[in-house]
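The values are calculated or read from the model by the stated rules, or taken from the named source; none is laboratory data. All of these numbers come straight from a predicted model, not from anything done at the bench. Cβ placement follows ideal geometry from the backbone for every residue including glycine, while neighbour counts extend to all protein chains displayed.
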Amino acid sequence: MGDSAYFVIDACGAVYVTVTKAFPAVWGGPIGLRLEFAAIFIVTPLVMALGLPPQMIWSGLAGMFVVAVLLLSITKGFSWRSLMSRPLVPGLLLLTAFVLLTSLVAVGLVTWLRPHALFWLPRHDERLWLLIMVAYPFLSALPQEIVFRALFFARYGGLFPNAGTAIVVNGAVFSLAHLFYWNWPAVILTAAGGVIFAWAYQRRGSFFYAWLMHSIAGQIIFTTGLGMYFYHGAVGY
């Protein structure tokens, strides 16, 4: 991330500070943080699932990302440079186990639920599959990790009594954010994935590790055929 990007982010933060100075008794304290947390991680996903038409869902998700960047830029003790410079080398054994387990679960679910869809994309639309393999880590996994791991733990981690509770809650809100797909595989898998990614971020101390695991999980999902439960065309059905 270049210096110009840091300047833009800091400028956004300055706007937020100007607004919240009008409410000093609320923002900056535990009450304000709880209100922010509820608005971002509970109310917004529920509104997207229950109140927004499918064509507006993606604008809502983009809005969550913008808000996350803005809030992180004015969060005390948070640094974009520090986030990106955390340990980059994941545990190879754990990562291998994660890839194998995720692949087995994905293949098993597709075989059980939609056997005709097993490896559908690489078999029938190789170009789209390759596009997803390249784009997913940067256009989907990265923004989600900034919202649900970086923002969650940097700004709201102190609201929870211990790291274990924070990790479990993180999995729950990550699952809630996928409620708009309205299918149980998406809700259950994102709950499990959220806990794993939160553990990677919080316990392993690596944003990169969480992002890498999230990216690989998404690639496996779309490769094996589970992507039908996470594809935008599924919204509203």
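With at pLDDT below 55, part of a helix (DSSP H, G or I) and either among the basic types (Lys, Arg) or farther than 24 Å from Ser206 by Cα (or both) as the only criterion, which of Ser59, Ser4 stands out?
Details: Ser59 fails: at pLDDT below 55.
One residue alone meets the criteria, Ser4.
I want to confirm something. Restricting to region 218-229 and keeping residues that are aliphatic (A, V, I, L, M) and buried (at least 24 other Cβ atoms within 10 Å of the Cβ), which single residue is farthest from Tyr136 (Cα to Cα)? Spell out the reasoning first.
Our first condition is that a residue be aliphatic (A, V, I, L, M); within region 218-229, this holds for 220-221, 226, 228.
Narrowing the set further to residues that are buried (at least 24 other Cβ atoms within 10 Å of the Cβ) leaves 221, 226.
On the way: Ile221: 11, Leu226: 14 Å.
Here the answer is Leu226.
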Next item on the list: Only residues in region 219-237 that are closer than 12 Å to His178 by Cβ and assigned to a loop (DSSP other than H, G, I, E, B) count as the first member; pair them with residues that are β-branched (Val, Ile, Thr) and at pLDDT below 95, Cβ under 8 angstrom, at least 6 apart or cross-chain, and list the lot.
Entry: Val235/Ile57
Notebook entry, point to check: So how many residues does region 201-212 have that are out of contact with any Asp or Glu (no Cβ under 8 Å at 6 or more places or on another chain), over 19 Å from Val169 (Cβ atoms) and in a helix (DSSP H, G or I)?
Noted result: 3
Next item on the list: Can you give me the number of residues within region 201-217 that are crowded, with 20+ Cβ neighbours inside 10 Å and either within 22 Å of Leu52 (Cβ to Cβ) or without any contact (Cβ under 8 Å) to a residue 60 or more places away in the chain (or both)?
Entry: 1
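Could you check, for region 67-76, whether at least one of its residues is assigned to a loop (DSSP other than H, G, I, E, B), more than 20 Å from Ala198 (Cα to Cα), of a type outside the set (Ser, Thr, Tyr) and at pLDDT below 95? Full working, then the answer.
Start the filter on region 67-76 by keeping residues that are assigned to a loop (DSSP other than H, G, I, E, B), which leaves 74-76.
Among the residues that remain, those that are also more than 20 Å from Ala198 (Cα to Cα) are: 74, 76.
Subset that is of a type outside the set (Ser, Thr, Tyr): 74, 76.
Now restrict to residues that are at pLDDT below 95: 74, 76.
There is at least one residue in region 67-76 that is assigned to a loop (DSSP other than H, G, I, E, B), more than 20 Å from Ala198 (Cα to Cα), of a type outside the set (Ser, Thr, Tyr) and at pLDDT below 95.
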Check: Mind checking whether some residue in region 108-131 is surrounded by fewer than 14 Cβ atoms within 10 Å (Cβ to Cβ), in contact (Cβ under 8 Å) with a residue 60 or more places away in the chain and closer than 22 Å to Tyr201 by Cβ?
Finding: no
Notebook entry, point to check: Among the candidates Arg149, Arg155, which residue alone is surrounded by 20 or more Cβ atoms within 10 Å (Cβ to Cβ), over 19 Å from His214 (Cα atoms) and among the basic types (Lys, Arg)?
Noted result: Arg155
Next item on the list: Give the residue, chosen from Arg81, Arg34, that is at pLDDT 85 or above, surrounded by fewer than 17 Cβ atoms within 10 Å (Cβ to Cβ) and either farther than 30 Å from Arg204 by Cβ or out of contact with any Leu (no Cβ under 9 Å at 6 or more places or on another chain) (or both).
Entry: Arg81
Next item on the list: Six or more apart or on different chains, Cβ under 8 Å: which pairs go from a residue in region 155-169 that's touching a residue at least 12 places away in the same chain (Cβ under 8 Å) to one that's part of a loop (DSSP other than H, G, I, E, B) and of a type in the set (D, E, K, R)? Could you list them?
Entry: Ala163/Arg203; Ile167/Arg203
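Residues that are of a type in the set (D, E, K, R), within 16 Å of Arg203 (Cβ to Cβ) and at pLDDT 95 or above: does region 145-166 have at least one? Walk me through it before giving the result.
Taking region 145-166 first, the residues of a type in the set (D, E, K, R) are 145, 149, 155.
Keeping just the survivors that are within 16 Å of Arg203 (Cβ to Cβ) gives 145, 149.
Still in the list and also at pLDDT 95 or above: 145, 149.
Scanning region 145-166 turns up at least one residue that is of a type in the set (D, E, K, R), within 16 Å of Arg203 (Cβ to Cβ) and at pLDDT 95 or above.
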